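Asks: Below is a structure I'd like to ask you about.
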Amino acid sequence: MLYVTFGISVLTTFMLSYPPTTYIIEGVRGPITFRTEMGLVPFLVTIFVLGFFMSLGKAAVFKHIPVYYPNHVGAVGGLVGMIGGLGGFVLPLAFGSLLDLTGVWTSCFVLLFVLASVALTWMHFAIRQMERAALRRGEPGQVPELPEMQGFGEPGITVPPRRAGPIADWRPEDEEFWKKGGRAVARRNLWISTYCLMLSFAVWMVWSVVVARLPAIGFDFSTDQLFWLAALPGLSGATLRIFYAFLVPVFGGRLWTTLSTGSLLIPAFGIGYAVQSPDTPYLIFLVLALLCGLGGGNFASSMANISFFFPKAEKGNALALNAGLGNLGVSVMQFLVPVVVTMSLFGALGGQAQTASDGAQLWMQNAGFVWVPLIILGSIAAWFGMNDILSAKSSFADQAAIFGRLHTWLMCWLYTGTFGTFIGMSAGFPLLAKLVFPEVNALKYAFIGPLLGAVSRAATGWVSDRYGGARVSFWVFVVQIAATVGMIWSLDARSFSGFFVMVLLLFVASGVGNASTFQMVPGIMRREVDRTEPNVPEPQRRSQAERESAAVIGFTSAIAAYGAFYIPKAYGSSIQLTGTADAALWGFLFFYLSCAALTWFAYSGPRGVLHDLERRPRLRTTSTVPA
């Protein structure tokens, strides 16, 4: 409940819209005025949700008392109850005083936000102080963990497998263990993770559709400003992935998936309120675009988590399914959002319609609100259906060894060529097509490319497992080179059909490459660990290689995600400077040429690291090299 407390404080920020409130911010170019407003019915629903989670928080506090103070339950419980009860007396007086001092009705919600933030910080540092004190006494095991996390990585504690929670004994390479229950547990975690990842991609890329509609409903933004809004989620999402890539072994996949999925509610609610008024300043949209990056960060942690569950023979296909079906969220979003914005999906709860420039009625807030119930469902499923593998727990320092390995950075370059292309084209194509081919309603077809890319990734994982990721990756880059040449020719010929076909080919190739480049990582890291640490016992080398593989997969996905920023920004800059997108495409062409050359010389060619391994498939099935 530590993080739920903070979630409540975030929820109060949306209540700052009731009663209707006008804000004036002194900016560098003069005052910025905007207004937030929430209807009575949404306000009552929000109050109900707030009260519900406050009740859960109260129950959680009393649940922790016997854990931390087993010999003083009565005294501590009485003291906590007394102080908590005083809140019912003090807070109403504080609310009234704030109203008298400020004249702002919503000042009480600001106070709630401050209190919840202080409680979160206080609880965190209090627990850390207890842990440090026990460590100084040489008794780290004497400090009990939160009941929800009991046994998570605690030395000497064995937690039997259960439907949800920590698993101490996890042996996916043991065929009997795998058949008797391991496979079922792994697949359950895979499908829940995939669903949550699909929502993450949908929220991350929602701006690719929203920004194309903003001018039609009265927002006076320039072309460059619109491309910035399309690009910023990629920038923040890629940056967050760098941190998310290392958090699963620290917190556990179950807890982190629940928290990271729940965090998507922030941009979903924010978009829903911001697009309802053309007076909303551009600054607010910039902040919301950055917050959409919360969805982009989730990919790194999701892939790192799933990599621990499956044996080497099924790892490549499992990662392809998780990522491929997760990527499907982009296509689902680009298909669903244009539909839901044309209807009053939530009635009075969803707010009023906006009138477009062509006279049509649009409910653009549904682009954010439609994900709210789905996100809540995903968070609940993650908490009650996923597991933590205790043997996968490690600190950031344990995983930091990947930064000293050359192959980490080479794979970042290659994965940027595949996934960076997929996510960047997903973010940039709708707006690019609308600007370059204004006579065509490209938004109707925008979802097809991400759909084909996601399906090709999910459906071709077995190809890389069978023929080798390096060989498949090389030919992927060759196809991408050809597709880019075709895009340049089609733009010059003003042929939308030819341009769209080449874009689809680029999406399909990038999807195949997403799976093949990830398939390369475990084999590379196993050989690298064996080469650099030959004196370490084989089981430890295998465990270290698996941890580093998960970290590399997460980190490379973080770097590659910057494609969601640089591709839309490259299109915008190219159009602004030259009047066409050709300059950007020529830059992409030379980048794909470098990827093909790197793959050949470093991995798939005669002197490549994976050359012998991929041409002797029988050895791959019997060796300890993960697939």
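The values are calculated or read from the model by the stated rules, or taken from the named source; none is laboratory data. These figures come from a predicted structure and were not determined experimentally. Backbone-built Cβ (ideal geometry, glycine too); neighbour counts: all protein chains shown. SASA here: full protein model, heavy atoms, side chains in, ligands and nucleic acids out. Shrake-Rupley method; radii C 1.70, N 1.55, O 1.52, S 1.80 Å.
Asks: If the chain between S497 and L286 were fully stretched, how many nm would it gain, using 0.36 nm times the residue separation less the Cα-Cα distance?
Replies: Here the answer is 72.6 nm.
Asks: By the gyration tensor of its Cα atoms, with a ≥ b ≥ c the square roots of the eigenvalues, what is the shape of region 365-506: rounded for a/c under 1.5, prolate for a/b over b/c, or oblate?
Replies: oblate
Asks: Here's something else I'd like to know. In nm, to one decimal, how far is the modelled label at R527 from the one at F177, with both set 7 Å along Cα→Cβ?
Replies: The modelled label-to-label distance comes out at 2.8 nm.
Asks: Starting from 0.36 nm per residue, how many nanometres of slack lie between E26 and W122 once their C-alpha separation is accounted for?
Replies: Length gained, E26 through W122: 31.3 nm.
Asks: For an R0 of 25 angstrom, estimate the FRET efficiency from the Cβ-Cβ distance between D100 and D220 and round to the nearest 0.05.
Replies: Given R0 = 25 Å and the Cβ-Cβ separation, E is 0.05.
Asks: So, one more: Can you sort S357, S107 by solvent-accessible area, 1.4 Å probe, largest first?
Replies: S357, S107
Asks: Right, another one. If we sort 465-471, 602-608, 300-306 on the protection proxy, mean other Cβ atoms within 10 Å, highest first, what's the order?
Replies: The peptides rank, most packed first, as 300-306, 465-471, 602-608.
Asks: So, one more: Label F243 and D279 with points 7 Å out from Cα along Cα→Cβ: what is the distance between them in nm?
Replies: According to this spin-label approximation, the distance is 3.4 nm.
Asks: Only residues of region 323-345 count here: report those whose backbone N is under 18 Å from the spot 7 Å along Cα→Cβ of V372, or say none.
Replies: Within reach of a label on V372, which here means backbone N under 18 Å from a point 7 Å along Cα→Cβ, region 323-345 contributes 337, 340-345.
Asks: Continuing with this model, one more query. How would you rank 367-374, 496-503, highest first, on the average number of other Cβ atoms within 10 Å across their residues?
Replies: Ranking the peptides 367-374, 496-503 by packing returns 367-374, 496-503.
Asks: Would you mind pulling out the separation of the Cα centroids of region 489-557 and region 293-322, in Å?
Replies: About 12 Å separates the Cα centre of region 489-557 from the one of region 293-322.
Asks: Given a 1.4 Å probe and heavy atoms of the protein chains only, how would you sort K180, K569, K434, largest accessible area at the top?
Replies: K180, K434, K569
Asks: Stretch T342-L406 to full length: gain in nm at 0.36 nm per residue minus the Cα-Cα span?
Replies: The T342-L406 span can extend by a further 18.0 nm.
Asks: Ranked from the most accessible area to the least, with a 1.4 Å probe and all protein chains present, what is the order of E548, E175?
Replies: E175, E548
Asks: Describe numerically, in nm with one decimal, the distance between label points set 7 Å from Cα along Cα→Cβ at S357 and at F384.
Replies: That separation, rounded to one decimal, is 4.7 nm.
Asks: Can you tell me the FRET efficiency between V478 and Q129 if r is taken as the Cβ-Cβ distance and R0 is 45 Å, rounded to the nearest 0.05?
Replies: That pair, V478 with Q129, gives E of 0.20.
Asks: Using mean Cβ contacts within 10 Å as the protection proxy, how do 221-228, 558-565, 335-342 order, highest first?
Replies: Ranking, from highest mean packing down: 558-565, 335-342, 221-228.
Asks: May I pose another question? Quick one: grab the alpha carbon gyration tensor of region 537-589, order the square roots of its eigenvalues as a ≥ b ≥ c, and give me rounded if a/c is under 1.5, else prolate or oblate depending on whether a/b is larger than b/c.
Replies: The shape class here is prolate.
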